[in-house]
Amino acid sequence: MNIRKTWQKLSIRTQLIILMVILLSAVGAGTLLLVSRFDIKERRVLAIEQASALGRSINNDLLKALINTRADTLSDISFRIEGFKSVDALQLYNNKQQAIFSHGKQQYLRQDVLEKITTNKPFFDANGRLFIKLPVTADDFKLGDTIIVINPEQYNTRIKEKFITLMLIFPFIVGVGIFIAWRISRYYTKPFEILASAIYQSDIDKNKFISVKTRAKNEIGLLFNGYNRMISKIIKTTDVLRHQSQHDKLTGLYNRYAIEDKINQALQDPQQTSHVLLNLDIDQFKNINDSVGHVAGDELLQLVTHYLKTALPAEADIARTGGDDFIVLLKNTSLQQATTITETLLKDLSDFRFVWDGETLSVSASIGLVAFKPFEYTLTELLKVADVAFYNAKKRGQNKLHIHRQSEHSDNKLKTEINIASAIKEALKEGPARFELFAQDIVPLQKTTDKISYEILLRMWDSNGDFLPPDQFLPTAERYQLMVDIDIHVLTSYLEIICKQPEHINKLHSVHINLAGGTLNHPEFQACVKNAIQHYTFPWQRLELEVTETSSIGNLVQAEEFIRFCRQHGIGFALDDFGTGMSSFEYLKNLPFDVVKIDGSFVRDMLTDPVDHAMIRYTNEISKLRNQETVAEYVESREDVEELRKIGITYGQGYYLGKPRPLSEWLDNN
């Protein structure tokens, strides 16, 4: 398994060179083996020929020895045999198979070996020696037999010279093979390098992809043409999805997500001076729908849209955020200019008559107006103020404008915020206000496991024991720069509690802890994390720090060194509320996230809204390409779970899968 992993990490060029070396080594080894086998065969042939020649040359001498075993005759035979260095032994038999003469090494003439020898049929033993039995004849009459033992290794076939030559040539052949493999690999890997470079240079967020060209008509041509067709479809599909994700299907105006991003940009742009936000609603629109039908209502919305586009300044951002709800952002516009524009809108709409099937209907609108400067509000606060202004306009009747005045609620708001800020400071110390850690299940959707995962949530009670919801105390904490202290409190409190529960840690797969926008880059928080790593015995690879897309990206880039430190200790990072910003896919591509949490606004309507469904599927596919896990938020039904499983989402989180519970209950359940 380790060899396979190592092999997969090697470049194609390196793999090809290694394979070439292995192939050439195998060929070289095979060549040496063949040469050795041919040499053995040659020696055996020579041994048989020499044995036959020896038998013929001493046949007459052997006849004399059979007739008269005089010492001088046997001595002549031994003398002649001594001239053959390869002959290890010779034995002469008469017709009665009695040995009458032996020469050489007698250990080769054992009875068990001699029994295997037949006349004129060569026999080679395990050591390669030749044993052959030849007849001793006179005028074609057999008078006896002789057994000759020959050692073929005594022949000089120049095998050593051949081996040395091959060994000297082999490195040269390997070198040539490596050079050829390198040149071939350059040719065959170049298309992949071109393709990889094109993919790397492509910008997913801007939907810009680099096409590739080739003259090849083979598989490379098919690959390049397939890639070009794929990116062409991706570009077209992405353009459609991006437009659908940002625009209302009926009117073609921006939708809520897009206009909120525009508003957020205006709130955070220090180069701008003042802006105005309009919250517009068509009066009695429900009655129009009920009286003449939804088709007529849709037609009216399109007519109002056309009027707004022509009546408002060209640079105005217009959005339809609900049935008959519109939001207009007038950038770099004074309150006086916006008031004039809005009053004209009200007058023109009140003069407008909508005719449908012969029935004439009057049209009017109610508008809430809020003037704001950069950094004066958070996005949530500004939208709430715009809603208040709109409802005040509604209270006054139809065709009314209400301009929000800062003094209307600033005193009460300031007093409330001061009280909450004081309670937060108490909770961070010893009370009487207090925080409590809650946890909500993060459930795997693609597999079953006995491990648990959850997100840590914070709940607060004031000094009177009254519950303060997070959307009430967290904005105040941000405004009074208390979020870093809160994040440090959450992290250290969790570690202090959980490190005393080894059984719980063994069951823990991952814990997600949210961080505010500026926390990650804050020196105190970074010091807190480094001290915690030294102080607490905790499996840090199970910790995921969550940062929200809309508030933390700049800080994430600045905290590059700290992120590297965290990763070295196994700490992961999760991108929260993914999809709420217009640069979502750029963040997904370029920033070091391990987990992507898809905003619940997409999950909530995915079963009825094909755009939301496509956004979830598209996000999951891109995350898989980057080896990132996905978490779908706001999972509220069994149908949601089944659909998310089909899409391939890794985890789910929501009330259907588990409501937030005090962390103490999780520990008690151990």
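The values are calculated or read from the model by the stated rules, or taken from the named source; none is laboratory data. Quick caveat: nothing in here was measured; it's all calculated off a predicted structure. Ideal geometry is used to build each Cβ from the backbone, glycine not excepted, and the neighbour counts take in all protein chains shown. Heads up: the accessible areas ignore ligands, DNA and RNA and are worked out on the full protein's heavy atoms, side chains in. Shrake-Rupley method; radii C 1.70, N 1.55, O 1.52, S 1.80 Å.
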Query - Selected residue (criterion: modelled with the highest pLDDT) from residues of the range 392-407 that are assigned to a helix (DSSP H, G or I) and surrounded by 14 or more Cβ atoms within 10 Å (Cβ to Cβ) - result: ALA393
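Take the range 577-596 and flag every residue that is among the acidic types (Asp, Glu) and either in contact with a Phe, Trp or Tyr (Cβ under 6 Å, 6 or more places away or on another chain) or at pLDDT 85 or above (or both). Full working, then the answer.
Just the residues of the range 577-596 that are among the acidic types (Asp, Glu), to begin with: 577, 586, 594.
Answer for the range 577-596, where residues must be among the acidic types (Asp, Glu) and either in contact with a Phe, Trp or Tyr (Cβ under 6 Å, 6 or more places away or on another chain) or at pLDDT 85 or above (or both): just ASP594.
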Report summary line: ASN669 passes all but one of the listed conditions (1) touching a helix residue (DSSP H, G or I) at 6+ places or on another chain (Cβ under 7 Å); (2) closer than 17 Å to HIS509 by Cβ; (3) open to solvent by 30 Å² or more (accessible area, probe 1.4 Å); the exception is number (1)
Query raised in the report: What number goes with the only condition from (1) open to solvent by 10 Å² or more (accessible area, probe 1.4 Å); (2) farther than 22 Å from ILE420 by Cβ; (3) assigned to a loop (DSSP other than H, G, I, E, B) that LEU520 does not pass?
Result: (1)
**Report entry** Cross-chain or 6+ apart pairs with Cβ under 7 Å, the range 528-540 first and without any contact (Cβ under 8 Å) to a residue 60 or more places away in the chain, then loosely packed, with under 15 Cβ neighbours inside 10 Å and not aliphatic (A, V, I, L, M)
**Finding:** ILE533/HIS569; TRP540/HIS569; TRP540/GLY570
Report task. Tell me which residues, restricted to the range 136-150, are polar (S, T, N, Q) and open to solvent by 20 Å² or more (accessible area, probe 1.4 Å). Result -> THR137
Query raised in the report: exposed (fewer than 12 other Cβ atoms within 10 Å of the Cβ), assigned to a loop (DSSP other than H, G, I, E, B) and basic (Lys, Arg), is that true of LYS236?
Result: no
Report task. Kindly indicate whether any position in the range 204-214 is modelled with pLDDT of 80 or more, part of a helix (DSSP H, G or I) and open to solvent by 50 Å² or more (accessible area, probe 1.4 Å). Result -> no
Query raised in the report: Taking the stated definitions as given, is GLU82 at pLDDT below 85, over 23 Å from LEU143 (Cβ atoms) and either under 60 Å from the mean Cα position of the chain (by Cα) or open to solvent by 40 Å² or more (accessible area, probe 1.4 Å) (or both)?
Result: yes
Query - Leading residue by the ranking (farthest from CYS528 (Cα to Cα)) among those in the range 453-504 that are buried (at least 16 other Cβ atoms within 10 Å of the Cβ) and among the β-branched types (Val, Ile, Thr) - result: THR476
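Considering only residues that are of a type outside the set (S, T, N, Q), part of a loop (DSSP other than H, G, I, E, B) and open to solvent by 60 Å² or more (accessible area, probe 1.4 Å), which ones fall in the range 239-289? Quick ask: steps written out before the conclusion?
Going through the range 239-289, the residues of a type outside the set (S, T, N, Q) turn out to be 239-243, 247-250, 252-254, 256-263, 266-267, 269-270, 275-278, 280-283, 285-286, 288.
From what's left, part of a loop (DSSP other than H, G, I, E, B): 248-250, 252-253, 269-270, 283.
If the condition is that a residue be of a type outside the set (S, T, N, Q), part of a loop (DSSP other than H, G, I, E, B) and open to solvent by 60 Å² or more (accessible area, probe 1.4 Å), then LYS249, PRO270 are the ones that fit.
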Report summary line: ILE367 meets each of (1) more than 22 Å from ILE403 (Cα to Cα); (2) crowded, with 18+ Cβ neighbours inside 10 Å; (3) in contact with a helix residue (DSSP H, G or I) (Cβ under 7 Å, 6 or more places away or on another chain); (4) not charged (D, E, K, R) with one exception, condition (1)
Requested in this report: Would you please list the contacts, defined by Cβ atoms under 6 Å and residues six or more apart or on different chains, that run from a residue in the range 462-485 that is under 19 Å from GLU376 (Cβ atoms) and at pLDDT below 90 to a residue that is assigned to a helix (DSSP H, G or I) and open to solvent by less than 60 Å² (accessible area, probe 1.4 Å)?
Outcome: THR476/GLU417; THR476/ILE420; THR476/ALA421; ALA477/ILE424; ALA477/MET483; ALA477/ILE486; TYR480/ALA421
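Pull up the range 104-146, narrow it to residues that are touching a residue at least 60 places away in the same chain (Cβ under 8 Å) and not in a strand (DSSP E or B), then point me to the one that is nearest to ARG37 (Cα to Cα). So that I can check it myself, show each step before the final result.
Looking only at the range 104-146, we keep the residues that are touching a residue at least 60 places away in the same chain (Cβ under 8 Å), and these are 122, 124, 128, 130, 132, 134, 136-138, 143-144, 146.
Subsequent filtering for residues that are not in a strand (DSSP E or B) retains 122, 128.
On the way: PRO122: 18, GLY128: 12 Å.
Once the filter is applied, the top-ranked residue is GLY128.
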Requested in this report: Within the range 164-186, identify whether any single residue is modelled with pLDDT under 80, on the phi < 0 side of the Ramachandran plot, not in a helix (DSSP H, G or I) and not β-branched (Val, Ile, Thr), and answer yes or no.
Outcome: no
